[in-house]
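The values are calculated or read from the model by the stated rules, or taken from the named source; none is laboratory data. Owing to the predicted nature of the structure, the values given are computational and were not obtained by experimental measurement. Heads up, the Cβs are rebuilt from the backbone with ideal geometry, glycines too, and the neighbour counts pull from every protein chain shown. Heavy atoms of the whole protein, side chains included, go into the accessibility calculation; ligands, DNA and RNA do not. Shrake-Rupley method; radii C 1.70, N 1.55, O 1.52, S 1.80 Å.
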Amino acid sequence: MTLNNAIKIIVTQKAALTPEVTLFRLEPIEPKALPAFTAGANVEIEISSAITRAYSLCNAPEDSPAYYEIAVKLEAESRGGSLAMHKEVFVGTELTISVPQNYFPLVKKADHHLLIGGGIGLTPIMSMAYSLSEQQASFSLIACAPSEEKLPFSKTLDASDWQVRKHLSGRENFDITALLNDLPENLHVYCCGPNGFIDMVRQQCLTLPENHFHEEHFAPITNDTESDIELYLSESDLHISVPAGSNLVHVIREAGVEVDTVCEQGICGSCVVPWKDGQPIHHDDCLEPEEREEYLALCCAGCQSSKLTLEL
C-alpha cells in the first residue's frame, strides 16, 4: 500500500481512555507542522508492511496542527490493526501515515448540529465538537456507551462547556424523537458507531430530509453474497465460483489475487475496482452514484446477478 503523500511521524503519547480504548498522539519527525485537517477527517496508518488502517482524528482541527490524535479500540475479533496498535506501538514508535482525508464532513450551513457517537464512534464526533465550539455554532452532543467506564473521552466531555448528554443504559432505552422535535428545522445529525447503533439512530431520524442525516461506520458492513456467483477477473483471466454466504474480497484473496483494503467500511476507496457484466450491490460511502455505474468498492459489495466481471 502506497500512502497518499506519506508523512513520517513518531508516537509521543499512548494513554488508556477506557480498558479497551487507547489514545495515541502522533507528531511529525521533521520539525514542521502537520497538514491542516477538517472535523471528521481520518488518516491511514501503515502499522506494518502488511497492515494499513484508517483512523479518525479526534483532536481539535487547526490551521497548522503540531500533532494528530487518534483513539483505537482493541477489538475482540481484530483483523490485525487494533491488536497491532495496542501491542506493538509504543511511545517512540515511528510510523508512516497519509495526509488527512475527510469522508464525514460537517455541513457549513445548519441552524443546529446534533452529534451522536456510540463508543469508539465518538472519535470523529470529538473533532466536530471542537470545531463547532471554536466557530460558536449551535450544537449538542450525545455520547453513548454501555457504562461510564466504557465511555471514551468521558473526562474531556465532563470538563467541557458543551451541551452534552450521556446515554449509558443500552440501545433499547435510546430515544431522541422528542429531542428532534425541539430542535431547529434546519437540523443536521451526525452519527458514528457500530452498524446496529447507526441503523437505530437513522430510524429515529426518518422525519429529517435524507441529506440531513450523516453517518460513518466503524465496523465492516455485512456484504456476504445471498446466492452463488460466477466471478470473472479479467486482468488475471480467472474464473472463480463464489458460494452463497461468501465475502467477495475473501474469495478473491483465496484465489491468489491481492486486493487492497484499508478501512473495510466502504469509506477510504482503497478497494475500488472497475466492474461490468453484472448487477453489483453497492454499500459504500466513497463513490458517487454515477461512479458506481463503472466502479465498485469491493470491501462492502454484494451482487444480485449470477455473474460479475471485475478488472482484477
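What to note about this one:
- When residues of segment 180-195 are limited to those that are out of contact with any helix residue (DSSP H, G or I) (no Cβ under 6 Å at 6 or more places or on another chain) and within 23 Å of Lys73 (Cα to Cα), the one most open to solvent (accessible area, probe 1.4 Å): Pro194
- Candidate set: segment 51-93, residues that are surrounded by fewer than 19 Cβ atoms within 10 Å (Cβ to Cβ) and basic (Lys, Arg); chosen: the one modelled with the lowest pLDDT: Arg79
- Hits in segment 137-179 - residues which are in a strand (DSSP E or B), open to solvent by less than 30 Å² (accessible area, probe 1.4 Å) and β-branched (Val, Ile, Thr): Ile142
- Candidate set: segment 235-277, residues that are on the phi > 0 side of the Ramachandran plot and among the small types (Gly, Ala, Ser); chosen: the one most open to solvent (accessible area, probe 1.4 Å): Gly256
- Filtered residue count, segment 86-100, keeping only those that are at positive phi and not small (Gly, Ala, Ser): 0
- Scanning segment 278-296 for residues that are over 20 Å from Ile229 (Cβ atoms), among the acidic types (Asp, Glu) and buried (at least 19 other Cβ atoms within 10 Å of the Cβ) yields a total of 1.
- Failed item in (1) buried (at least 22 other Cβ atoms within 10 Å of the Cβ); (2) in contact (Cβ under 8 Å) with a residue 40 or more places away in the chain; (3) part of a loop (DSSP other than H, G, I, E, B), with Cys299 passing the rest: (3)
- All strands (runs of 3 or more DSSP E) inside segment 11-124 with 2 or more residues being more than 17 Å from Thr156 (Cα to Cα) and touching a helix residue (DSSP H, G or I) at 6+ places or on another chain (Cβ under 9 Å): 42-46, 52-56, 112-118
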